[in-house]
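Take a look at the structure set out below.
The values are calculated or read from the model by the stated rules, or taken from the named source; none is laboratory data. Since this is a predicted model, take the numbers as computed values, not measurements. When we count neighbours, we look across all protein chains shown, and the Cβ atoms used for this are built from the backbone with ideal geometry, even at glycine.
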């Protein structure tokens, strides 16, 4: 059976290759959105799921193909869930990981370790067409704690500040395979794959 094309609502070729390897056995061939001329949609919804849906609908409309999108971020309990859906631009425009990390540390200044609970959240949405009334939705979370200083050189975003309690290492100190097993994105992707496999039966 020839795999069906599936557009990833991202310009990231590494993410496209990673998803293609995982979803091809389920009958999908992932293509990057960069193959289509497109402006970026306005992601102004209050939740990760809604923003992923906005991106997936946009990608499906401009490509005419099924689409998959993710939206993810960090929620810190002591900050009322911030930075949340604004995680990538917490310190303002343009998006800057180092500036976001500095702002997070400043916001948590004086907050004791026991009150620095946080979680990463990833929402994945797959649409079979732009007006699909029943999208496939998967959400993964990754609980942890915010450190008082960065640790590790791997990863991106808030990874150097995110302590993984069961490993006593930051997300930036984990190897790629270990991170994929534990992370919010890995959990969401496994949930999505289970749903797609069930649909294929």
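Restricting attention to the stretch 131-161, which residues are closer than 23 Å to residue 55 by Cα, touching a helix residue (DSSP H, G or I) at 6+ places or on another chain (Cβ under 7 Å) and modelled with pLDDT of 95 or more?
Of everything in the stretch 131-161, those that are closer than 23 Å to residue 55 by Cα, touching a helix residue (DSSP H, G or I) at 6+ places or on another chain (Cβ under 7 Å) and modelled with pLDDT of 95 or more turn out to be 135, 136, 137, 138, 139, 140, 141, 142, 158.
So that you can scan it fast, the table gives a plain yes or no per residue for (1) touching a helix residue (DSSP H, G or I) at 6+ places or on another chain (Cβ under 7 Å); (2) crowded, with 21+ Cβ neighbours inside 10 Å; (3) part of a loop (DSSP other than H, G, I, E, B); (4) without any contact (Cβ under 8 Å) to a residue 12 or more places away in the chain:
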{"position": "7", "(1), (2), (3), (4)": "yes, yes, no, no"}
{"position": "21", "(1), (2), (3), (4)": "no, no, no, yes"}
{"position": "45", "(1), (2), (3), (4)": "yes, no, yes, no"}
{"position": "55", "(1), (2), (3), (4)": "no, yes, no, no"}
Query raised in the report: Any residue in the stretch 115-126 that is surrounded by fewer than 19 Cβ atoms within 10 Å (Cβ to Cβ), modelled with pLDDT of 95 or more and farther than 27 Å from residue 180 by Cβ?
Result: yes
Query raised in the report: Is there a residue being more than 27 Å from residue 164 (Cβ to Cβ) and not in a helix (DSSP H, G or I) anywhere in the stretch 67-84?
Result: yes
Requested in this report: Go through the stretch 73-92 and count every residue that is free of Cβ contacts under 8 Å to residues at least 40 places away in the same chain, over 17 Å from residue 52 (Cα atoms) and surrounded by fewer than 19 Cβ atoms within 10 Å (Cβ to Cβ).
Outcome: 6
Query - Positions within the stretch 148-201 being part of a loop (DSSP other than H, G, I, E, B) and closer than 30 Å to residue 134 by Cα, in sequence order - result: 183, 201
**Report entry** Among the candidates 118, 98, residue that is over 17 Å from the mean Cα position of the chain (by Cα) and over 30 Å from residue 28 (Cβ atoms)
**Finding:** 98
Report task. Inspect all residues belonging to the stretch 87-98 and state whether any of them is in contact with a strand residue (DSSP E or B) (Cβ under 6 Å, 6 or more places away or on another chain), part of a helix (DSSP H, G or I), within 21 Å of residue 119 (Cβ to Cβ) and at pLDDT 85 or above. Result -> yes
Report task. Report, by residue number, each residue of the stretch 142-159 that is surrounded by fewer than 17 Cβ atoms within 10 Å (Cβ to Cβ) and within 23 Å of residue 189 (Cβ to Cβ). Result -> 143, 152, 154, 156
Query raised in the report: In this structure, is residue 159 touching a residue at least 40 places away in the same chain (Cβ under 8 Å) and either in contact with a strand residue (DSSP E or B) (Cβ under 9 Å, 6 or more places away or on another chain) or under 16 Å from residue 87 (Cβ atoms) (or both)?
Result: no
Requested in this report: Tell me, yes or no, whether the stretch 136-143 has at least one residue that is closer than 17 Å to residue 72 by Cα and either over 17 Å from the mean Cα position of the chain (by Cα) or assigned to a loop (DSSP other than H, G, I, E, B) (or both).
Outcome: no
